[in-house]
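The values are calculated or read from the model by the stated rules, or taken from the named source; none is laboratory data. Everything quoted here is computed from the prediction, not taken from an experiment. Here the Cβ positions follow ideal geometry from the backbone for every residue, glycine too, while neighbour counts run over all protein chains shown.
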Amino acid sequence: MQFNVNDSQQVLDFIQKAAKIGTWQVLLEPYEIQWSDITREIHDVGKSYNIELEKALDFYKEGYSRDKITYYFNRCIEQGEPYDVELELVSAKGREKWVRAIGFPVLENEKCVKVQGLFQDITEKNKTQKKVALREQQFRKTFDSASIGMAIVSLEGKFIRVNQSLRNMLGYTTDEFKTFNFKDITHKEDTTLGDKKFAKLLSNEISNFQIEKRYLHKNGSIIWASLNVSLVSNEDGTPLHLVAQINDITKRKESEKKVNTLLEITKDQNSRLLNFAHIVSHNLRSHSGNLEMLLDLMKHEEPEATDNSYFPLVDTAVNNLSETVENLNQVAILNTKLHEDLTPTNLYEAINKTKESLKAHILENDGSIINNVPKHLIIDTVPAYLDSILLNFISNSIKYKKPDVAPKINISTSFTDDNQYLILKIEDNGMGIDLNRHRKKLFGMYKTFHKHKDSRGLGLFITKNQVEAIGGKIEVESEVGIGTTFLLHLKHEIN
Amino acid sequence: MKSINTLYIIDDDPIFVFTTKKMFDKEEICKNILVFSNGEDAINHLTPLMDANNEEELPELILLDLNMPIMDGWQFLDEFVKHKTEKKIIIFIVSSSIDPNDIQKANEYQNVSNYIIKPITREKIKHIASEITALVN
């Protein structure tokens, strides 16, 4: 379209279109109302639509908007007052819009003869403003009522705004906060703690960071906090300020400290125990060994001394001492060496080996041992431990047989439901154990040193420790007069 | 038959030394027994003999304790291996320690032929005697 800047009507049309601003006028003598194209567009009516003044005002939303425009329009005519208002409109197509309506009177002889005005659709602008207002409100409410401490901090570190939780946490008032740089209320050892991360935040390498640091409460006490800082920038990326979220973790820090102290004590006690185990292993052993050697020599060099009635008592006492030391050594070694490598071992053969070494004992008691373990089953174990475990269980079954009943020991295997463990079942027909009375003592250390006619000194305590050392566990079922079944859960090779 | 001319016992425990000497005497395995109560005394005595390669006076067998004051068994071994001798000197560690780490460590020394756990019994002495005879001959 050719555009002539000198044609004022053309210029006006152009401005109307470009700015989406419509014009209108109302002549009073006689009544006539005129709308420009844009004004008609905003009302969603065509060029042929015939407007009546009363109907024109009816486009305004019933209630506040219609009342207002009626008031301002009438005042304009009667008192010559111009107006500029933002109101809601419902178009001919039923669309709700925000419009800016400007009206001013044209006076002749101090009497209004017509009203002219501008009319603009401001719906979009208004929506955006409202959204911003809503967000601002949401943020403010979240900020003010958050249960964690929050602060808006300038890039220089000055507090701009703080919430109630932070005031409660650190004990200062808002006015006091506003005089502080955050470093003023930071523990002096922690003032440079977040500096590197802060630099990264400012250069946009990271969007937020988290540190743990100490603040100083108004009353002088130290508050441990977990601090999360994020940067707020404007649309072109210029940093504006920081939002800090501060969580009081003093209680957690205190319990961490307690746990650490306990851990230190435990470590210390553990090392003293290891040291004690070493003393037992070495020092006690050398003394009991010397006693044994002296007695041994005495027997051969001074045979007449053995006639002394005290000699056999001393001899027995020395032997018992040596055996006790030996047992203590077993326990000490077991506890100091828990991480031995496991070796694949054939279980069937290990059981047969044990049977062989107990052969005389089994024959003497007319016992029978039925090895029902599959011949090619391989388990992961420390072979010496496995031998000791089997020896202990089988010899126990024979030792605690029912009087006058030949001991019969059935050994078989199965697997746990999840196939994680092999279960080795050692079932005997012996005296049985009253588990209600003895379950707790069964694997206790006392048993280790309990004397029995043919005690091997290696009680269930050591056996249990050995089983645990190879990653297994023991369960027991027993009934007095029926027999005892031990269930050993062992690691096996999963094929 | 005395298969050992000279035996050194390096041990700070007088009762162990007393009983061990008695047992060796009774088995008539060695002619001379020299006793040192720590590693330093022993190495001071041995060094000139080794440097002079004095085969006559150097021992055939050393019974070495591990835990001793001043210079312990390990420190003695570390000093001992620095010297070269033409005479073969057999070292047996004799200790109360049943710590597998000690036994493992002993295996790492070429000069150490055996690790005997205390107490020494007459059976062990006899065993040592036959082992020495095999090693010497």
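Key figures for this structure:
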quantity: Options B:84, B:26; residue that is within 14 Å of chain A (Cβ to nearest Cβ) and surrounded by fewer than 21 Cβ atoms within 10 Å (Cβ to Cβ); calculated: B:26
quantity: Conditions (1) in contact with a Lys or Arg (Cβ under 9 Å, 6 or more places away or on another chain); (2) surrounded by 13 or more Cβ atoms within 10 Å (Cβ to Cβ); (3) outside any helix (DSSP H, G or I): number failed by residue A:49; calculated: (2)
quantity: Selected residue (criterion: nearest to residue A:471 (Cα to Cα)) from residues of region A:392-411 that are surrounded by fewer than 19 Cβ atoms within 10 Å (Cβ to Cβ) and of a type in the set (A, V, I, L, M); calculated: A:406
quantity: Helices (runs of 4 or more DSSP H) fully within region A:428-480 counting 3 or more residues that are modelled with pLDDT of 80 or more and within 14 Å of residue A:388 (Cα to Cα); calculated: A:460-469
quantity: All positions within region B:1-21 that are over 17 Å from residue B:89 (Cβ atoms), hydrophobic (A, V, I, L, M, F, W, C) and either surrounded by 22 or more Cβ atoms within 10 Å (Cβ to Cβ) or within 14 Å of chain A (Cβ to nearest Cβ) (or both); calculated: B:15, B:16, B:17, B:18
quantity: Residue A:218 vs. criteria in contact with a helix residue (DSSP H, G or I) (Cβ under 8 Å, 6 or more places away or on another chain) and basic (Lys, Arg); calculated: yes
quantity: Residue list for region B:95-137, filter: at pLDDT 80 or above, within 10 Å of another protein chain (Cβ to nearest Cβ) and buried (at least 18 other Cβ atoms within 10 Å of the Cβ); calculated: B:95, B:96, B:97, B:102, B:118, B:119, B:120
quantity: Matching residues in region B:116-130 - criterion: being in contact with a strand residue (DSSP E or B) (Cβ under 9 Å, 6 or more places away or on another chain) and closer than 10 Å to residue B:3 by Cβ; calculated: B:129
quantity: Wholly enclosed strands (runs of 3 or more DSSP E) of region A:99-203 bearing at least 1 residues surrounded by fewer than 18 Cβ atoms within 10 Å (Cβ to Cβ), modelled with pLDDT of 90 or more and touching a Phe, Trp or Tyr at 6+ places or on another chain (Cβ under 7 Å); calculated: A:111-121
quantity: Enumeration of residues in region A:262-295 that are modelled with pLDDT of 80 or more, at the interface with chain B (Cβ under 8 Å from one of its Cβ atoms) and farther than 14 Å from residue A:324 by Cα; calculated: A:290, A:293, A:294
quantity: Condition broken by residue A:218, with the remaining ones in (1) out of contact with any strand residue (DSSP E or B) (no Cβ under 8 Å at 6 or more places or on another chain); (2) surrounded by 11 or more Cβ atoms within 10 Å (Cβ to Cβ); (3) assigned to a helix (DSSP H, G or I) satisfied; calculated: (3)
